[in-house]
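Chemist: My questions all concern the structure below.
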Amino acid sequence: MSAKDWLQKAKNEKFAIGAFNVGNLETFKAVIKAAADKKSPIIIESSPGETEWMGADNIVDIARNFTAEFGIPVLVNLDHALTLEECQQGIDSGYDLIHFDGSKLPYEQNVELAKQVVELAHARGLTCEGELDHIGGSSEVHQGSAGEEAAKIAMTEPEKAAQFVKATGVDIFAAFIGNVHGLYLGQQKNLDIDRLKKIAEATGVYLSLHGSSGIPEEQVKEAIQNGIVKVNLNTEIRQSYKDSLEKVLQENPGEYAMYKVEGVVLDEIQRLVEAKIDLFGSGNKL
Ligand SMILES: [Zn+2]
């Protein structure tokens, strides 16, 4: 099944496929093991920083190797690629989904480049995601309030989203409905579900939910019932990695085998991802 087939299945059956960012082999393996245990479709994704660190070819090869080892489909998404060159590299490396993020560009330029990426991606049978209203924040733990961060950017207007989708031909639209990137220790995120419903009706394409870290579970469920088929998660994975690594190093000062130290970290991330798969409703969908 192609990425598009999986997204359509998710849309028909009202579940979402988790798109989990991987910054190293341990997080990668944890996500795959969680998906295998839960019999869930999965998207592995890499931001520009993660792609540079891991190598685009390596990420795709590792995904294909895990598919062979665990017998599960692993879709690979290029997350927030900012330039045509980055998108081309992702396409050449064999990614299944390409997210071109031109949201910081003037509208006309965003549309023009997104159109080109869609053409390149579709020529290879790949799926393309576009972004119109820049989804702010960053994939880190922030002291402040999510509401204040979200208020810096206007939320997506359904009619403008429909125009953008029509002009570019993107398959997936990254809507901004309060879902800023990152985890906020102050006031939590609050999604505008009514706006999401209108965006789904106006665009008719697959919708993604970026910045899902820290969104109240009930709101994530509601978003999936109203058009979200892909949920991106990064910060909670990064937090789990850092916290569990610090803990295991502190508790085992005499342990030098990195695979034993990292094994504890991997188990923690796997537990987190399994809980997310339950929340997204994608378990037992293979
Ligand atoms: Zn994002």
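Derivation of every value follows stated rules applied to the coordinates shown; laboratory data play no part. Bear in mind the structure is a predicted one, so any value in this text is a computation, not a measurement. We place every Cβ from the backbone using ideal geometry, glycine too, and count neighbours over all the protein chains shown.
Chemist: Could you pull out every one of the lysines with an alpha carbon less than 16 Å from that of LYS39, ignoring same-chain neighbours closer than 8 positions?
Modeler: LYS9, LYS29, LYS276, LYS285
Chemist: Mind scanning LYS38/LYS221; LYS33/LYS197; LYS115/LYS230 and naming the pairs with a C-alpha gap bigger than 29 Å?
Modeler: Values: LYS38/LYS221 18 Å; LYS33/LYS197 33 Å; LYS115/LYS230 21 Å.
Distance filter (> 29 Å) returns LYS33/LYS197.
Chemist: State, as an integer percentage, the relative contact order of the stretch 140-230 based on alpha-carbon contacts under 8 Å between residues 6 or more apart. All intermediate terms of the calculation are to be shown ahead of the outcome.
Modeler: Working: 153 pairs, mean separation 30.8, N = 91.
It comes to 34 percent, rounded to a whole number.
Chemist: Pull out the extension gain between ARG271 and LYS104, defined as 0.36 nm times the separation in residues minus the alpha carbon to alpha carbon distance; nm, one decimal.
Modeler: Values: separation 167, 0.36 × 167 = 60.12 nm, distance 3.51 nm.
Stretched out fully, the ARG271 to LYS104 stretch lengthens by 56.6 nm.
Chemist: Here is a further query. Describe numerically, in nm with one decimal, the distance between label points set 7 Å from Cα along Cα→Cβ at ALA151 and at GLN250.
Modeler: Between ALA151 and GLN250, the simple spin-label model gives 3.5 nm.
Chemist: Hand me the trypsin sites (Lys or Arg not before Pro) from the stretch 1-74 located in a DSSP loop with no more than 16 other Cβ atoms within 10 Å, in residue order please. Please report the intermediate quantities before stating the final value.
Modeler: Values: sites: LYS4, LYS9, LYS11, LYS14, LYS29, LYS33, LYS38, LYS39, ARG64; in loops: LYS14, LYS39.
Counting only loop positions with at most 16 other Cβ atoms within 10 Å, the trypsin sites (Lys or Arg not before Pro) in the stretch 1-74 are LYS14, LYS39.
Chemist: Where does each of TYR107, TYR184 land when they are ranked from fewest to most other beta-carbon atoms within 10 angstrom?
Modeler: Working: TYR107 14, TYR184 22.
Ordered from fewest to most neighbouring Cβ atoms within 10 Å, TYR107, TYR184 come out as TYR107, TYR184.
Chemist: Multiply the residue gap between GLU112 and LYS9 by 0.36 nm, knock off their C-alpha separation, and tell me the result in nm, one decimal place. Present the calculation step by step, with values, prior to reporting the outcome.
Modeler: Details: separation 103, 0.36 × 103 = 37.08 nm, distance 2.99 nm.
Here the segment from GLU112 to LYS9 would lengthen by 34.1 nm.
Chemist: Within the stretch 248-281, which residues have the backbone N less than 20 Å from the label spot 7 Å out from LYS242 along Cα→beta-carbon, could you tell me?
Modeler: Flagged as within label range: 248-251, 262-273.
Chemist: If you don't mind, there's one more thing I want to ask. What's the center-to-center distance, using Cα atoms, between the stretch 106-128 and the stretch 49-77 in Å?
Modeler: Using only Cα atoms, the two centres lie 23 Å from each other.
Chemist: Tell me, what ³J(HN,Hα) does each residue in the stretch 53-69 have, in order and in whole Hz, if you take phi through Karplus 6.51 cos²θ - 1.76 cosθ + 1.60 with θ = phi - 60° and put x for Gly and Pro?
Modeler: My calculation for the stretch 53-69 gives 5, 8, x, 4, 4, 4, 4, 5, 4, 4, 4, 5, 5, 5, 4, 5, 6 Hz in order.
Chemist: Now a separate question. Which loop-located trypsin sites (Lys or Arg not before Pro) does the stretch 191-286 contain, where loop means any DSSP state but H, G, I, E or B and the Cβ has at most 15 other Cβ atoms within 10 Å? Intermediate results must be reported in sequence, preceding the final value.
Modeler: Working: sites: ARG195, LYS197, LYS198, LYS221, LYS230, ARG238, LYS242, LYS247, LYS260, ARG271, LYS276, LYS285; in loops: LYS285.
Sites meeting the loop and neighbour criteria: none at all.
Chemist: Related question: Report, as a whole number in µm² per second, the diffusion coefficient that Stokes-Einstein gives for the chain at 10 °C and 1.306 mPa s using the Kirkwood radius over alpha carbon pairs.
Modeler: On the way: Rh = 18.9 Å.
Rounded to a whole number, D works out at 84 µm²/s.
Chemist: Using a ≥ b ≥ c from the Cα gyration tensor of the stretch 45-184 (square roots of the eigenvalues), is it rounded, prolate or oblate, where a/c under 1.5 gives rounded and otherwise the larger of a/b and b/c decides, a/b for prolate? Provide the component values of the computation, followed by the final result.
Modeler: Details: a/c = 2.10, a/b = 1.27, b/c = 1.65.
The shape class here is oblate.
Chemist: Looking at the chain, send over the antiparallel percent of its DSSP beta bridges, to the nearest 5. Kindly include the intermediate steps, with their values, before the conclusion.
Modeler: Values: 0 of 31 bridges.
Bridges in the chain are about 0 percent antiparallel.
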